[in-house]
Amino acid sequence: MPSNVIVGLQWGDEGKGKITDLLSKNSDYVIRYQGGNNSGHSIHIKNRHFVLHLVPSGVIYSNVKCIVGPGVVVDPKSFIQEIQNLESMGISTSKVFLSKRAHITMPYHNLLDQYQEEALGDKSIGTTHKGIGPTYVDKIARTGIRVLDLLNLEVFYKKLKYNVDFKNQIFTKIFQKNPISFQSIYEEYVEYAKIISDRIVDAVYEIHNAFRNKKKILFEGAQAMLLDINYGTYPYVTTSSTSTGGVCTGTGIPPNFLKNFIGITKAYCTRVGFGPFPTEIKNKMGNIIRQKGNEYGATTKRPRRCGWLDLIALKYSCMINGINYLVITKLDVLSELQTIKICVKYKYDDNIIQYFPSNIEQNVKGVYLDLPGWKEDISHICEYEDLPKNCIKYIRFIEDYLNLEIILISVGSERNQNIIKNKPLFLKIFT
Ligand code: GDP
Ligand code: IMO
Ligand code: MG
């Protein structure tokens with residue numbers, strides 16, 4: 001059965017939660033492959049509003065199996081809170097599972113994240129302070145603690161002891177901070193282990209069995225391409241492989257199991273945290289877009305920086321991710337603008353370039369074309385042909401530049417505020 005991957009093409013918050021939920025209707029499995037509770041994936045269904053951090057966005061459909069995959073880092077406290085929250089909102093979480101191989105975020109990871117950011121001063125990354133980077137650092141350093149270690153408390157005890165002793169050296173000697181208590185962390189995590197143990201599975205076999213049984217599988221990316229550890233705007237990135245390459249390393253499947261790569265882009269750009277942003281709008285237009293698009297972080301509530309759509313960055317993202325189809329979200333937010341700018345080149349020092357440089361920094365600025373806007377509110381429109389003429393021109397311009405088809409246009413945060421542009425193709429991919 002073809003499997004589909006959903007991946008954000010910008011700096012996150014493209015609407016992956018909304019689109020994953022929508023496409024989950026026709027899926028048997030939704031699987032997260034990287035990141036942790038730094039994600040905030042929003043889903044709006046009538047007057048119910050969900051923000052998912054670790055639980056895959058297929059959870060609203062009770063028949064969908066949701067797996068937090070091997071490449072994810074799991075903060076058990078946050079995971080348990082999320083599960084309890086969903087249950088209290090009437091959502092069954094009985095089909096939510098955790099991979100044995102996923103690494104665990106411990107309280108010392110959150111502290112390290114915070115202290116490192118403080119130490120970086122004006123060079124800080126603007127992380128979510130969720131301990132994501134330090135958890136992956138321990139994984140790569142081969143000293144991390146995995147979910148499966150919670151099933152063997154003797155092993156867990158030893159690994160935790162080593163880590164707490166080691167981290168306390170760093171806290172006291174490097175950061176001049178207080179040490180943390182081994183015993184209280186141990187006791188806290190033993191309680192978490194009791195709560196989550198029934199959900200722990202060998203996700204690699206589970207996923208391979210699902211493929212063998214021809215199940216429909218949707219992989220849900222977190223963060224986005226330009227935050228990728230290898231290909232994003234390093235060092236202003238997150239710590240995982242957010243791009244489609246991360247699906248294989250984060251779930252244990254071979255590349256030839258994957259079929260469609262669906263890239264999600266907003267109709268403009270946003271970024272939370274620091275780092276290069278060539279099309280950032282620093283005048284009051286940025287505030288207008290922030291207000292209209294309600295651009296405030298789903299995880300940290302920070303105001304998101306706003307900018308015009310950047311086709312150079314988007315083309316780069318599509319290239320690295322092997323995108324075959326695009327979904328564009330938040331097109332409704334651009335209604336009522338007289339002119340919409342779209343970035344088709346960069347000014348890089350004194351040169352005009354048409355590629356995404358590997359050392360992208362403050363000296364890269366967008367060069368724009370002005371496209372005419374549209375006045376009408378489009379948030380109630382369901383058919384492509386009913387969109388204003390200039391809106392269709394905007395869509396076509398993006399498709400032509402990227403040489404890719406936009407299959408779905410999202411015009412509001414509600415589950416049903418969508419325009420399926422090419423219905424036969426859409427049905428072919430998603431049913
Ligand atoms: P994610 O991290 O990619 O899942 O995105 P977030 O949930 O962090 O941020 C996207 C925000 O935009 C959420 O508040 C969504 O409810 C909202 N949203 C998604 N699609 C649309 C859309 O087409 N129009 C509008 N106005 N809001 C949208
Ligand atoms: P979703 O899945 C937007 C950003 C942070 C910071 C950088 C590193 O909702 O799209 P980290 O805590 O990961 O070490 O922070 O990455 N960041 C996100 N920005 N959406 C996200 O997730 C993000 N997850 C991390 O703001 O700039
Ligand atoms: Mg988000």
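Where a number appears in this text, it was derived from the coordinates with a stated rule and is not lab data. Bear in mind that the values here come from a model prediction, so they are computed numbers and not experimental data. Neighbour counts run over all protein chains shown; Cβ positions are idealised from the backbone, glycine included.
Computed values, structure above
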item	result
Cα lying deepest toward the dipole's positive end in the chain, options GLY297, GLY71, VAL137, charges on Cβ	GLY71
Sparse-neighbour loop sites [GluC sites (Glu not before Pro); segment 292-372; at most 14 other C-beta within 10 Å; DSSP]	GLU336, GLU361
Phi to ³J(HN,Hα) by Karplus 6.51 cos²θ - 1.76 cosθ + 1.60 over segment 68-75, Hz, x for Gly, Pro	8, x, x, x, 7, 10, 10, 8
Cβ-based net charge around GLY250, under 13 Å, with every Lys or Arg adding one and every Asp or Glu removing one	+1
Loop-resident sites, segment 295-343, for trypsin sites (Lys or Arg not before Pro), counting at most 15 other Cβ within 10 Å (DSSP)	LYS301
Long-range amide H partners of LEU9 with built H, under 5 Å	MET225, ILE264
Share, in percent, of DSSP beta bridges within the chain that are antiparallel, nearest 5	45 percent
Pairs from LYS216/LYS345; LYS130/LYS259; LYS130/LYS266 whose Cα-Cα separation, in the structure shown, is over 30 Å	LYS216/LYS345; LYS130/LYS259
Sites matching trypsin sites (Lys or Arg not before Pro) across segment 77-161 that sit in DSSP coil, with at most 11 neighbouring C-beta atoms within 10 Å	ARG142
The chain, helix-only ellipticity at 222 nm - DSSP H runs n ≥ 4, -39,500 (n - 2.57), divided by all residues, nearest 500	-9500 deg cm²/dmol
Dipole moment magnitude, nearest 20 debye, the chain about Cα centre, only Lys, Arg, Asp, Glu C-beta charged	380 debye
In order through segment 264-275: 3J(HN,Hα) via Karplus (6.51 cos²θ - 1.76 cosθ + 1.60), integer Hz, x for Gly, Pro	9, 10, 6, 6, 9, 10, 9, 8, 10, x, 8, x
Amide proton proximity set for CYS66, modelled H, under 5 Å, gap of 5+	VAL30, VAL96, PHE97
Neighbourhood net charge (12 Å Cβ-Cβ; Lys/Arg +1, Asp/Glu -1) for VAL190	-4
